[in-house]
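Undergrad: Encoded as structure tokens, here's the structure I'll be asking about.
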Amino acid sequence: MDLEKDIEVALQFLKGNYSARGKNHCDMIYGMTNEKLALYFKYFPIKDGNVFTVLGSGDFVLQSACFGAKSIYTFDYNPLSLHMGKLKIKSMDVLEWNEFINYYYNSNNLGYFKLKYYKKIREYLDNDTRIFWDAIYSNVRLESQITDNLIMVDSLNKNRSIDGFLHKDNYYLTKNNLKNIDIKYYCSDVFDILSKIPNDTKFDAVFLSNIFDWMNFEEKIKYPLFIKRDLDNHLDNDAMVAVHSSVNGNISNVLNIVFEDVIDVDKCDKVIVYKK
């Protein structure tokens with residue numbers, strides 16, 4: 001990661017200049033998941049296990065913590081997502097439930113990324129994360145610029161996590177669990193990430209979200225082989241991998257054929273699964 005370049009691109013986004021998308025692998029940031037994590041995480045061996053997950057909005061990490069993971073390895077190709085994820089996950093250490101909801105999920109758009117909440121979190125952040133968000137807050141006139149131009153938020157998606165770590169009781173459970181969880185962050189493409197992880201690392205549960213949807217043709221072709229050969233070497237006995245999660249039933253026929261196990265989340269959502 002190149003902190004200076006990350007800030008440079010993020011500030012361009014804040015101005016509404018998106019010609020910088022893709023520079024240094026930077027893109028806009030997901031503010032919240034659009035998947036119903038609590039409804040399908042319960043099928044995965046997370047409790048006291050090692051979890052490997054895409055970072056995205058940070059919700060996958062927080063939901064894994066809610067379900068009692070022992071360690072979490074998380075990655076994203078977009079370096080801006082790492083700055084977001086580290087902020088959000090550290091926020092849970094510091095903020096009360098109502099403050100966290102207001103900061104990240106305020107459906108009336110009155111609390112999103114208010115400076116008063118950031119000031120509470122700031123001193124607990126690692127150096128790079130603090131420098132990044134200091135630069136963001138120093139270059140906005142209104143906090144709404146952050147969610148209008150830098151972070152993709154959809155208040156309707158809050159309901160997708162409300163039964164998980166966002167539920168008030170679960171929030172404090174997750175907050176407590178995070179104190180004992182070792183979280184490792186990586187900035188990497190999915191095909192390169194395993195080269196950055198120790199060879200003897202084994203995972204019990206893996207969440208790859210719908211990154212398949214964003215791959216080019218060549219990547220889509222090698223993705224199943226990557227999972228069945230390379231990733232399989234890092235799976236513990238009885239491990240499960242969510243190889244594709246999709247909203248509104250838009251599931252890839254290719255992955256559905258290659259990986260035959262499917263979890264029905266509800267009438268609209270399904271999750272395709274690879275089992276060790």
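Undergrad: Among residues belonging to the stretch 214-246 that are within 16 Å of the chain's Cα centre (by Cα) and in contact (Cβ under 8 Å) with a residue 12 or more places away in the chain, point out the one that is surrounded by the most Cβ atoms within 10 Å (Cβ to Cβ). If you could, list the steps in order and put the result at the bottom.
TA: Step one: filter the stretch 214-246 for residues within 16 Å of the chain's Cα centre (by Cα), giving 214, 241-246.
Imposing the further condition that a residue be in contact (Cβ under 8 Å) with a residue 12 or more places away in the chain reduces the set to 241-246.
Numbers: Val241: 24, Ala242: 26, Val243: 26, His244: 25, Ser245: 28, Ser246: 22.
Of everything passing the filter in the stretch 214-246, Ser245 is surrounded by the most Cβ atoms within 10 Å (Cβ to Cβ).
Undergrad: Restricting attention to the stretch 36-51, and to residues there that are touching a residue at least 40 places away in the same chain (Cβ under 8 Å) and not in a helix (DSSP H, G or I), which single residue is surrounded by the most Cβ atoms within 10 Å (Cβ to Cβ)?
TA: If we filter the stretch 36-51 for residues that are touching a residue at least 40 places away in the same chain (Cβ under 8 Å), which is where we start, we get 36-41, 43-46, 49-51.
Remaining after also requiring not in a helix (DSSP H, G or I): 36, 43-46, 49-51.
On the way: Lys36: 22, Tyr43: 14, Phe44: 23, Pro45: 18, Ile46: 23, Gly49: 21, Asn50: 23, Val51: 28.
Step by step, filter the stretch 36-51, then rank; the result is Val51.
Undergrad: Identify all residues within the stretch 187-221 that are of a type outside the set (Asp, Glu), at pLDDT 95 or above and closer than 23 Å to Lys270 by Cα; write none if there are none.
TA: Within the stretch 187-221, Val190, Phe203, Ala205, Val206, Phe207, Leu208 meet the criteria.
Undergrad: Can you tell me how many residues in the stretch 174-185 are buried (at least 16 other Cβ atoms within 10 Å of the Cβ) and either among the polar types (S, T, N, Q) or closer than 22 Å to Glu35 by Cα (or both)? Spell out how you get there, then give the answer.
TA: Taking the stretch 174-185 and keeping what is buried (at least 16 other Cβ atoms within 10 Å of the Cβ), we get 174-175, 177-178, 181, 183, 185.
Adding the requirement that they be either among the polar types (S, T, N, Q) or closer than 22 Å to Glu35 by Cα (or both) leaves 174-175, 177-178, 183, 185.
Counting residues in the stretch 174-185 that are buried (at least 16 other Cβ atoms within 10 Å of the Cβ) and either among the polar types (S, T, N, Q) or closer than 22 Å to Glu35 by Cα (or both) gives 6.
Undergrad: Scanning for something at negative phi, outside any loop (DSSP other than H, G, I, E, B) and charged (D, E, K, R), does the stretch 179-195 turn up at least one residue? Reasoning before the result, please.
TA: Keep residues of the stretch 179-195 that are at negative phi, which gives 179-195.
Now restrict to residues that are outside any loop (DSSP other than H, G, I, E, B): 182-187, 193-195.
With charged (D, E, K, R) added as a condition, the list becomes 182, 184.
Yes, there is a match, as at least one residue in the stretch 179-195 is at negative phi, outside any loop (DSSP other than H, G, I, E, B) and charged (D, E, K, R).
Undergrad: Of all residues in the stretch 111-137 being in contact (Cβ under 8 Å) with a residue 12 or more places away in the chain, not in a helix (DSSP H, G or I) and not aliphatic (A, V, I, L, M), which is nearest to Glu4 (Cα to Cα)?
TA: Just the residues of the stretch 111-137 that are in contact (Cβ under 8 Å) with a residue 12 or more places away in the chain, to begin with: 112-115, 117-118, 120-122, 124-126, 128-129, 131-137.
Subset that is not in a helix (DSSP H, G or I): 112-114, 125-126.
Retained after the next criterion (residues that are not aliphatic (A, V, I, L, M)): 112-114, 126.
Numbers: Tyr112: 25, Phe113: 22, Lys114: 24, Asp126: 16 Å.
It comes out as Asp126.
Undergrad: Quickly run through the stretch 6-35 and pick out the residues that are in contact (Cβ under 8 Å) with a residue 40 or more places away in the chain, over 26 Å from Phe100 (Cα atoms) and not in a loop (DSSP other than H, G, I, E, B).
TA: Of everything in the stretch 6-35, those that are in contact (Cβ under 8 Å) with a residue 40 or more places away in the chain, over 26 Å from Phe100 (Cα atoms) and not in a loop (DSSP other than H, G, I, E, B) turn out to be Val9, Asn24, His25.
Undergrad: Given the residues Lys70, Lys47, which is the only one that is more than 22 Å from Tyr186 (Cα to Cα) and at pLDDT 95 or above? Talk me through it step by step, then tell me what you get.
TA: Values: Lys70 fails: more than 22 Å from Tyr186 (Cα to Cα).
Residue meeting the stated conditions: Lys47.
Undergrad: A further question on this structure: Filter the stretch 1-35 for residues that are surrounded by 15 or more Cβ atoms within 10 Å (Cβ to Cβ) and of a type in the set (D, E, K, R); which is modelled with the lowest pLDDT?
TA: Glu35
Undergrad: If you go through the stretch 108-142 one residue at a time, how many are surrounded by 14 or more Cβ atoms within 10 Å (Cβ to Cβ) and modelled with pLDDT under 90?
TA: The qualifying residues number 2.
Undergrad: Could you look through the stretch 223-260, keep only residues that are of a type in the set (S, T, N, Q) and part of a helix (DSSP H, G or I), and pick out the one that is modelled with the highest pLDDT?
TA: It comes out as Asn233.
Undergrad: While we're here: Would you say Asn78 is within 18 Å of the chain's Cα centre (by Cα), of a type outside the set (D, E, K, R) and surrounded by fewer than 24 Cβ atoms within 10 Å (Cβ to Cβ)?
TA: Values: within 18 Å of the chain's Cα centre (by Cα): yes; of a type outside the set (D, E, K, R): yes; surrounded by fewer than 24 Cβ atoms within 10 Å (Cβ to Cβ): yes.
Answer is yes for this residue.
Undergrad: I've got another one for you. Of the residues that make up the stretch 77-94, is at least one without any contact (Cβ under 8 Å) to a residue 12 or more places away in the chain and not in a helix (DSSP H, G or I)? Steps first, answer last, please.
TA: At the first step, the residues of the stretch 77-94 found to be without any contact (Cβ under 8 Å) to a residue 12 or more places away in the chain are none.
No: the stretch 77-94 contains no residue that is without any contact (Cβ under 8 Å) to a residue 12 or more places away in the chain and not in a helix (DSSP H, G or I).
The values are calculated or read from the model by the stated rules, or taken from the named source; none is laboratory data. Quick caveat: nothing in here was measured; it's all calculated off a predicted structure. We place every Cβ from the backbone using ideal geometry, glycine too, and count neighbours over all the protein chains shown.
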